[in-house]
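Reviewing the structure listed below.
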Amino acid sequence: MQRRMVRKLTLERLLDQLEPHPSPKPDLEQYTIPANLAAEILYLAAYTYNSITGKTVLDLGCGTGRLAIGAAFLGAKQAIGVDIDVTAIQMAKKNSEKTRLKKKTQWIITEINAIKGNFDTVLQNPPFGVQARKADTKFLAKALELGKIVFSLHKRGVDNKPSPFLIKFINARGGTIKTVYPMKMVIPYMFKFHRKRKHEFLVDLYVIEK
């Protein structure tokens, strides 16, 4: 079990070498979380909330595995990634082998509603619901069902503040918001409908206890 504190830059460099999705689908909002943002989230989860080392960690909508692999690197007892996309899971497996973390990670191809059980920690960068309405709340509801503590990334609400709707949604499902961290997300040009070389915007990381 990893107990020594890992430098954030070391974690970021590990995540930055992971291969992205070769053919992301816009309808699934398959944007790979940037390595620096993933490292920031994992660092908070591990060293501010003590929710990674020695814990069972679930990454819902794991994509190519950055959050799950990062959790395994930081000493998770087990890191499980779930995604509906076969190609994403294949790449996640390849990335776990590349980082020599294959034995500490598990990958499952399924809808998130099929996942049952109890996990110490849920990490997720869910779809923001831009292409598929309410996709974000579907992930959030499942995370609250499965995890003792949830780290969930969401698009910032109107007026540059955390979303009142999400706050109400979380409270109604027995979640307690410990804090909301504002963060910057950068998405490169990926799809034909993109008009800029990169898009920068603010997101909120919700830290929620059940």
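Structural remarks
- Residues of region 142-158 classified as within 28 Å of T53 (Cβ to Cβ) and at pLDDT below 95, total: 2
- When region 44-85 is filtered for residues that are within 17 Å of L101 (Cβ to Cβ), over 12 Å from the mean Cα position of the chain (by Cα) and part of a helix (DSSP H, G or I), the ones remaining, listed by number, are A46, A72, F73.
- Pairing residues of region 159-181 that are farther than 19 Å from T48 by Cβ with residues that are among the aromatic types (F, W, Y), at Cβ distances under 8 Å and at least 6 apart in sequence or on separate chains, gives L166/Y206; I170/Y206.
- One residue stands out in region 1-50 among those that are surrounded by 15 or more Cβ atoms within 10 Å (Cβ to Cβ) and among the acidic types (D, E): the one that is modelled with the lowest pLDDT, namely E29.
The values are calculated or read from the model by the stated rules, or taken from the named source; none is laboratory data. If you're wondering where the values come from, they're calculated on a predicted model, not measured in any experiment. Virtual Cβ from ideal backbone geometry, glycine too; neighbours counted across all protein chains shown.
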